[in-house]
Amino acid sequence: MPNMFNKNGVLHFSYKAEDLAPAEQAARAQLEKDLTALIAIPKEQRTFENTILGYEKAFDKYGDALGMSGFLSYVSTDKNFRDTMTDLQLQISQYMVDVATRRDVYKAIREYTDTNPQLGPVEAKLVKEMLIGFKHSGMDLNDEDLEKFKTLNKEKAGYIIQFEKNIQEYKDPLTVTQEQLKGLGEDYIGKLQKTEDGHYLVTLDYPDYVPFMLNADDEESRKALEYKYNRRGGEQNVELLEKTITLRRQIAHLLGYPTHADLKLEDRMAKNPQNVMRFLKDLQKKLKPMGKAEDKFLIAYKNEKTGKKSRTIYPWESGYWANKYRKENLQLDSEKIKEYFPSQVVIDGMLDLFGGVFGITFEPATIPTWHEDVKAFLIKDKQSGVPIAYFYMDLYPREGKYKHAACFDLVEGFEKENGTYQMPFVAIVANLNKPSAQNPSLLKHGEVETLFHEFGHVLHNALTKSKYRAFSGTSVSWDFVEAPSQLLERWAWDPTVLKKISRHYKTGEPLPDELIQRMIAAKNFGSGGTYLRQNFFAQYDMTLHTADKTPDSTKLYFDLTQKIRALPLTKNTWPQASFGHIMGGYDAGYYGYLWSEVIAEDFFSEFEKNGIFNPETGLKFRREILEKGGSEEEEKLVQNFLGRPVDNKPFLKSIGLEGK
């Protein structure tokens, strides 16, 4: 397989399914060779460079040999390629379990670290985290337990890959008539697939599902779609989740941790599950009265409109009635508002805005991409004109593509052996509304926020100046990684910014001032329920991963929803079967969204002091947070930018809980 960079030094995406396995075999052989050389270094000749960095570089070389093939498994239009790579990823993850548990390699590392070398703070952090990684890989276990550990990890890896595949390939569209689409706009209906008998198919993908649940007047259709949506992944995924929870607990016990959560939190800001639950329960207590009042209000509004005497609000109703209220009483119709947000206008405005704040420019780049929809940019430092990174945007849904919005760091930034700096390559992958023959791609304000959010991850990866790959960009603690992206969302609520990024797709007019004021006034409408929902996900995740024995994940989901939200769920659904986060890296980590949002709001309060477009504050944030990546402890990064520890008051104020 060719080098991942073409002759011009940029990425190419020309990969063939049949080349993947041979390329992996060759890379595996090279890795074995490199590790053999590492082990052979005499004890007294070991240095940070030849042992610690030698180990890191051996694995970097292995990953680089496969180039962009792993990323393409999420975005390629070639099903055969995606399937081949998914199968290969399972083999790779199982091989990695073997490599990460080699005693001879660990012995080589320990020969160096046991000399207690005098290292700089960044190098010392690298060694500390490497040793925790080895501990988590079972290196302190006896031979029998290590074999058991490896077996459990391989089994777990298979379950996780299958779980994600089941969600990605799950299809159960709802067939509806023209009549059942009442309440939906023409542009929405125009994009739906039609059946031979003239009906329409509403899929379970976000761009179909969300507008339908918010706007379809036909209650039975909403009920039917919500039922299908919360069965995504199928019963097999319920089983896979519960088996994975059991395996994680068994692995944690083997390694000497009381729970999987204790293991995961060891090197995070929160430190342990007790701190996390204290944080979540405290927030739940503050949010509960707010959520309760919102539910009561919405039930009364629904009853007034329907003439019924309902005592609750069902999952297929809440979005619809909240949206109806927003349209009628707050004069906020998300379908009308999105007419002011053509995606290209939003993107141009966003690049200009954050370019100004952080001292960078974006130039369209003619470089290879993986699909015709993808746009590429070169990011440069505004003052010096020096190129910093390449950045791609893949914004529209297509068959077999990753279903959510995410940032992928394709190539990390780091100092190369020859003294030059490896330029980062970063991509946003999303599923926004596609342009149609009649209309451009139009974004709801929530999608504008999502775009700003993912752009925060892009800048974190793109602006890195980390010396080592291991600390590049978003390679920070899981409960801090969302803070820069949540910070950027706050600009999407500023009146000046809203003017800048809006232009009605027909008239060319920006958002009217009075509409902006109504949007801002209604920002916290329903936020009690929204944050209680996030709190529920975090507590569900933490409860699963601190339980003494694996609970019935469906019963726990329903019971905990009742306890935290006090609202019913649809019978015979299993929403956790599509809860990809707790299988795909956010296990015992979902609380991080709320944890980091508290930090993000405090960051924003610092920007507000000098005006949110102030380039000096932006440059300080770029230097102290974005450029450093994980090179320093997160508490120190935060303290350096704020000049003090974190305060949760700006967060409580931002969601309408000031003084609580």
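The values are calculated or read from the model by the stated rules, or taken from the named source; none is laboratory data. Just so you know, these numbers come straight off a predicted model, no measurement behind them. For neighbour counting, all protein chains shown are included, and Cβ atoms are generated from backbone atoms with ideal geometry for every residue, glycine included. Protein only, heavy atoms only, side chains kept; ligands, DNA and RNA dropped before computing areas. Shrake-Rupley method; radii C 1.70, N 1.55, O 1.52, S 1.80 Å.
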* To do: Would you be able to say whether some residue in the stretch 235-246 is open to solvent by less than 40 Å² (accessible area, probe 1.4 Å) and either modelled with pLDDT under 95 or of a type in the set (F, W, Y) (or both)?
  => no
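Could you please let me know if K286 is modelled with pLDDT under 95 and surrounded by fewer than 21 Cβ atoms within 10 Å (Cβ to Cβ)?
yes
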* What are the residues in the stretch 137-174 that are of a type in the set (S, T, N, Q) and surrounded by fewer than 20 Cβ atoms within 10 Å (Cβ to Cβ), if any? -> N142, T151, Q162, N166, Q168
* **Every residue from the stretch 510-534 that is free of Cβ contacts under 8 Å to residues at least 24 places away in the same chain and more than 30 Å from Y586 (Cα to Cα)** => P512, D513, E514, I516, Q517
* Kindly provide the set of residues from the stretch 16-48 that are open to solvent by less than 40 Å² (accessible area, probe 1.4 Å) and part of a helix (DSSP H, G or I), ordered by number. => A17, L20, A23, E24, A27, L31, D34, L35, L38, F48
* To do: Return a yes/no flag: does the stretch 585-596 have any residue that is surrounded by fewer than 16 Cβ atoms within 10 Å (Cβ to Cβ) and within 19 Å of the chain's Cα centre (by Cα).
  => yes
* Asked: Looking at the stretch 564-577, which of its residues are at pLDDT 95 or above, open to solvent by 10 Å² or more (accessible area, probe 1.4 Å) and either in contact with a Leu (Cβ under 7 Å, 6 or more places away or on another chain) or not in a loop (DSSP other than H, G, I, E, B) (or both)?
  -> P575
* Which condition does E658 not pass, out of (1) open to solvent by 10 Å² or more (accessible area, probe 1.4 Å); (2) under 25 Å from the mean Cα position of the chain (by Cα); (3) of a type outside the set (K, R), if it passes all the others? -> (2)
* Asked: Here are A224, A270, A293, A252: which of them is of a type in the set (A, V, I, L, M), touching a residue at least 60 places away in the same chain (Cβ under 8 Å) and open to solvent by less than 40 Å² (accessible area, probe 1.4 Å)?
  -> A270
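Restricting attention to the stretch 104-154, and to residues there that are in a loop (DSSP other than H, G, I, E, B) and of a type in the set (S, T, N, Q), which single residue is nearest to S631 (Cα to Cα)?
Top of the filtered list is Q118.
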* Hey, does the stretch 275-283 have a residue that's more than 21 Å from Y159 (Cα to Cα), modelled with pLDDT under 95 and open to solvent by less than 30 Å² (accessible area, probe 1.4 Å)? -> yes
* Structure fact -> Scanning the stretch 539-563 residue by residue, those of a type in the set (D, E, K, R), part of a helix (DSSP H, G or I) and either open to solvent by 40 Å² or more (accessible area, probe 1.4 Å) or in contact with a Leu (Cβ under 8 Å, 6 or more places away or on another chain) (or both) turn out to be K555, D559, K563
* To do: Output yes when any residue across the stretch 7-15 is within 25 Å of V97 (Cα to Cα), free of Cβ contacts under 8 Å to residues at least 12 places away in the same chain, surrounded by fewer than 16 Cβ atoms within 10 Å (Cβ to Cβ) and out of contact with any helix residue (DSSP H, G or I) (no Cβ under 6 Å at 6 or more places or on another chain), and no when none is.
  => no
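I'd like to check which strands (runs of 3 or more DSSP E) are fully inside the stretch 381-500 and have at least 3 residues that are touching a residue at least 40 places away in the same chain (Cβ under 8 Å) and open to solvent by less than 10 Å² (accessible area, probe 1.4 Å).
387-394, 425-429
Considering only residues that are more than 29 Å from the chain's Cα centre (by Cα) and open to solvent by 40 Å² or more (accessible area, probe 1.4 Å), which ones fall in the stretch 513-524?
D513, E514, Q517, R518
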